[in-house]
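Report on the following structure.
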Amino acid sequence: MSATMPVYVYEVVLPDGEPGQVFEVMQRMSDPALTHHPSTGQPVRRLIQPPHIAGKWSESGARQMLSDRSLAEQGFTKYVKTGDGSYEKTTGNGPREIVA
């Protein structure tokens, strides 16, 4: 199977109707949903999961928004703590160093 296929999340349905083990299966979108666990044969149901979409509020988007370049463009100054307890400027306007 291709790594570009969607990953579906399933949950084992225990005899009392309670949720059991949760597992992931890579399947084609055209494949029917599983009704039984591939290894144990226990009944399962597919869980609805939000899609993973990289965008403004994703982890990669946050890294980009907080990059030195982006912060400087927005008028912020960023300081990074050094080993001796002082702070050195990495981007923006302001003093080169802040000594605590």
Scan (1) of a type outside the set (Ser, Thr, Tyr); (2) within 22 Å of THR91 (Cα to Cα); (3) touching a helix residue (DSSP H, G or I) at 6+ places or on another chain (Cβ under 6 Å) for the single condition ARG69 breaks and write down its number.
(3)
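Here is a yes/no grid of residues against (1) touching a His at 6+ places or on another chain (Cβ under 9 Å); (2) exposed (fewer than 10 other Cβ atoms within 10 Å of the Cβ):
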| site | (1), (2) |
| --- | --- |
| VAL9 | no, no |
| PHE23 | yes, no |
| MET26 | no, no |
| PRO32 | no, yes |
| ARG46 | no, no |
| TRP57 | no, yes |
| GLY61 | no, no |
| LEU71 | no, no |
| THR77 | no, no |
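Take segment 86-100 and flag every residue that is part of a loop (DSSP other than H, G, I, E, B) and at negative phi. Give the derivation first.
Step one: list which residues in segment 86-100 are part of a loop (DSSP other than H, G, I, E, B), which gives 86, 92-96, 99-100.
Listed by number, the residues that qualify are SER86, ASN93, PRO95, ARG96, VAL99, ALA100.
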From LEU71, LEU34, which residue is within 16 Å of VAL9 (Cβ to Cβ) and either of a type in the set (A, V, I, L, M) or touching a Lys or Arg at 6+ places or on another chain (Cβ under 7 Å) (or both)?
LEU34
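Would you please name the residue that is modelled with the highest pLDDT, looking only at residues in segment 34-44 that are among the hydroxyl-bearing types (Ser, Thr, Tyr) and surrounded by 10 or more Cβ atoms within 10 Å (Cβ to Cβ)?
THR35
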Considering (1) closer than 30 Å to PRO6 by Cα; (2) touching a helix residue (DSSP H, G or I) at 6+ places or on another chain (Cβ under 7 Å), say which one ARG46 fails and leave the rest.
(2)
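The values are calculated or read from the model by the stated rules, or taken from the named source; none is laboratory data. Since the model is a prediction, treat every value here as computed from it, not as a measurement. For neighbour counting, all protein chains shown are included, and Cβ atoms are generated from backbone atoms with ideal geometry for every residue, glycine included.
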